[in-house]
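Each remark here refers to the structure printed beneath this line.
Taken together, the values in this text are just the output of simple stated rules run on the coordinates, not laboratory data. Owing to the predicted nature of the structure, the values given are computational and were not obtained by experimental measurement. Counting neighbours? That spans all protein chains shown, and the Cβs are built from the backbone with ideal geometry, glycine included.
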Amino acid sequence: MKKSINKSYAFLFIVLAGLAGCKKMDDKFLVTNPETFYTIDNIFSTSAQVDQAVIAIYSQLRDIWANPNEENWIFMFRGNGTDMFDVPSIRRANSFNNYGTINANHANFYNAFSTWYQIIAKANLAIYSAELPGITWAAAADKAYTLAQARFFRAFAYRNLAELFGGVPIVTDITKTARYDYKRATRIETYQYAIDELLAIENDLPEVSAVGGRLVRGAAQHNLCELYLAVGTQLAAEGNSGAAQAAFTQSIAYGNKVIDGGTYALMNARYGARKTEVQGNVYWDLFQENNVNYQDGNKECIWALQIDYAAYKAEDPRSKLPYSRTYGPVFRNGAPAHLQGTGVDVGGRGISQIMPTMYTRDSIYAGQWGDDLRNTDIVLRRIFIGNVPTSPYYGIPVPWSVLYDNMDDQSLDYPVSCKIATDKYTGLADGENMSNLFRDDYFIRLPETILLRAEAKQRNGDKTGAAADINLLRDRANCAFKVTAADMDDNFNLILDERTRELVYEECRWNTLLRMGGSIAVDRIKKYAYWPEAKSTLNFQYNLWPIPQLVIDANKDVKLEQNPGW
């Protein structure tokens with residue numbers, strides 16, 4: 001699967017044109033005489049080519065999550081500007097918390113919006129092509145699975161659009177001529193469209209896959225859990241409490257299918273390629289090379305993006321996780337008198353495109369978290385040994401009071417998660433420089449399903465059940481600090497904090513905050529943003545990103561209403 005997902009993709013659209021021969025110099029020289037035209041109706045001739053169109057979507061989603069080209073809009077999509085992440089002092093130009101400059105014309109919004117419609121267009125093409133009369137399928141199940149994957153991707157795109165932008169135009173066909181008359185659906189209608197798509201293909205996805213990376217039924221069920229939760233939250237905000245409770249009940253039901261269905265389980269014992277190493281623990285195991293996929297024995301993995309070092313070297317330079325580079329600290333700038341270099345001892349060759357806020361790195365672990373596996377030094381490394389001979393801390397740990405000397409320095413100096421760095425980098429003998437990881441990574445991991453179910457239970461009035469779900473994760477983390485129904489606050493701070501501990505560098509935080517509605521996103525951004533601009537400039541309420549102004553302007557025949565606050 002890795003080779004098929006990471007291979008160089010053949011061009012799907014090729015126009016072969018020949019110039020007519022000319023016997024004399026006249027205007028006939030300018031007349032083309034193409035031997036054939038390739039269109040969407042004849043470019044596909046085999047089912048394998050349709051499958052390649054589906055694999056192209058896997059590839060684009062991998063690039064959205066891993067961000068090998070270091071695109072600013074993807075850093076935003078993955079959390080820059082939320083309560084979890086901000087930019088360090090050396091990246092202030094890429095800040096996404098100054099609302100004096102953030103408006104509907106911001107390029108990040110347009111890039112996010114248009115990229116999800118690119119996914120939709122590719123899915124529509126695959127769906128259309130799979131039904132062409134000239135395509136022969138080896139078995140009906142093969143066609144059903146291809147269609148199910150394409151329809152999943154289309155639903156997944158609309159789920160993301162609805163969480164981030166609200167109601168959007170729903171496009172289900174290939175557009176062959178320019179259109180300027182798209183109409184927005186409501187947010188609930190957009191969510192419902194995604195739900196209907198996933199319900200239609202749920203049983204056409206296999207329970208498990210022989211190879212990593214391909215979609216399975218649990219991925220659809222997880223998304224249904226999230227979508228019904230989102231619908232219920234929006235219905236409740238609109239005052240329709242009865243329908244909201246029904247939606248929350250459905251969310252819980254789909255969470256149950258994933259969590260209690262027997263296919264997936266939290267990993268509670270050491271496993272995988274490095275399980276005998278005494279310094280590790282089971283949470284650390286989850287993020288080691290060759291340990292990520294369900295096929296590796298990892299029962300938490302529901303869906304993973306595929307990274308392959310051989311493909312990276314041979315033909316696919318984007319097959320990498322540049323996490324040590326893009327997420328890693330820059331001690332050589334923030335504490336140059338004590339820590340230098342770009343090696344394992346400082347977390348790799350970090351350049352810190354975005355950095356964890358003080359909330360993410362420290363405050364959520366203050367107090368009763370000393371025994372939590374997610375806060376152990378092997379998982380969230382806080383001990384850095386001075387490596388500059390002239391430093392008074394040479395050969396001993398550099399205190400955080402020194403590393404946090406001032407606001408600029410502490411934006412560059414921060415703990416290193418095992419999710420973004422390793423002590424065993426692949427490719428060093430080939431010239432790699434500790435910028436990249438070459439392991440697979442999670443699109444969906446079971447703890448997120450548990451956290452979604454916990455939220456649905458709480459919104460449905462079952463705080464005891466919500467607390468029990470939180471404690472599933474704390475039990476696995478060997479955390480003695482358990483919660484009760486009384487701890488489940490109505491602003492969902494406990495759930496959001498637990499998502500941070502469990503899913504840092506995994507979840508797309510903007511989706512979570514904006515989906516929750518109300519003032520949750522704005523309140524938490526203002527409270528936890530690292531730089532002061534958010535507190536001073538975020539003076540309006542919003543729980544949706546704006547529809548990009550370019551999109552509004554281009555749709556000249558029908559007015560697309562802007563989201564409130566923008």
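Annotations for the structure displayed:
- A simple spin-label model places the labels of I385 and D173 6.8 nm from each other, with each point 7 Å out along Cα-to-Cβ.
- Cα-based helix-to-principal-axis angle, 217-237 vs the chain, degrees rounded to 10: 80 degrees
- Burial order of peptide ranges 453-466, 364-377, 139-152 (average beta-carbon count within 10 Å, highest first): 453-466, 139-152, 364-377
- Toward the positive end of the charge dipole of the chain, with +1 on the Cβ of Lys and Arg and -1 on the Cβ of Asp and Glu, the farthest Cα among G232, T276, L412 is that of L412.
- Most to least packed among 42-49, 428-435 [average Cβ atoms within 10 Å]: 42-49, 428-435
- Hits among aspartates and glutamates - C-alpha to C-alpha of K176 under 15 Å, sequence gap 8 or more where chains match: D41
- Distance between the pseudo-spin-label points of N94 and E315 (7 Å out from Cα toward the beta carbon): 3.0 nm.
- Residue order for Y528, Y394, Y191, fewest other beta carbons within 10 angstrom first, comes to Y394, Y528, Y191.
- All aspartates and glutamates inside 17 Å of K183 as judged from Cα atoms, apart from same-chain residues fewer than 8 positions distant: D173, D553, D557, E561
- Rounded FRET efficiency, nearest 0.05, which uses the C-beta distance separating T249 from K482 and R0 of 25 Å: 0.45
- Binned Cα-Cα distance frequencies in segment 262-323 - 10 Å width, integer %: 21, 44, 29, 7
- Listing M407, M355 from fewest to most neighbouring C-beta atoms within 10 Å gives M407, M355.
- Members of K257/K299; K457/K482; K299/K457; K320/K419; K313/K419; K275/K424 lying beyond 20 Å, as alpha-carbon distances in this model show: K299/K457; K313/K419
- The chain: relative contact order in percent, alpha carbon pairs under 8 Å with at least 6 residues between: 20 percent
- Fraction of antiparallel bridges per DSSP, the chain only, in percent to nearest 5: 85 percent
- Helix 47-66 vs. the chain, principal-axis angle (Cα, 0 to 90°, nearest 10): 30 degrees
- Axis of helix 140-165 versus longest Cα principal axis of the chain: the two differ by about 60°, to the nearest ten degrees.
- Residues T390, T101, T449 arranged by fewest to most Cβ contacts within 10 Å: T390, T101, T449
- Close amide H contacts of F85 (hydrogens built in the peptide plane, cut-off under 5 Å, sequence separation of 5 or more or a different chain): T357.
- For the Cα trace of segment 307-439, dividing Rg by the Kirkwood Rh returns an Rg/Rh value of 1.00.
- Dipole magnitude (debye, nearest 20) for the chain, charges at Cβ of Lys, Arg, Asp, Glu: 480 debye
- Evaluated at q = 0.08 Å⁻¹: base-10 log I(q)/I(0), Debye formula over Cα of the chain: -0.56
- Built amide H within the under 5 Å cut-off of R381, gap 5+: V416, S417, C418
- Compared with the direct C-alpha span, the chain from A139 to E71 gains 20.4 nm at full extension, assuming 0.36 nm per residue.
- Relative contact order for segment 183-309, counting Cα pairs under 8 Å that sit 6 or more residues apart, in percent: 23 percent
- Were the residues from S241 through R270 laid out at 0.36 nm apart, the gain over their Cα-Cα distance would be 6.0 nm.
- Spin-label proximity, K183 to segment 534-566 - amide N less than 14 Å from point 7 Å beyond Cα toward beta carbon: 557-561
- Helical mean residue ellipticity (222 nm; -39500 (n - 2.57) per DSSP H run of 4+; nearest 500) of the chain: -12500 deg cm²/dmol
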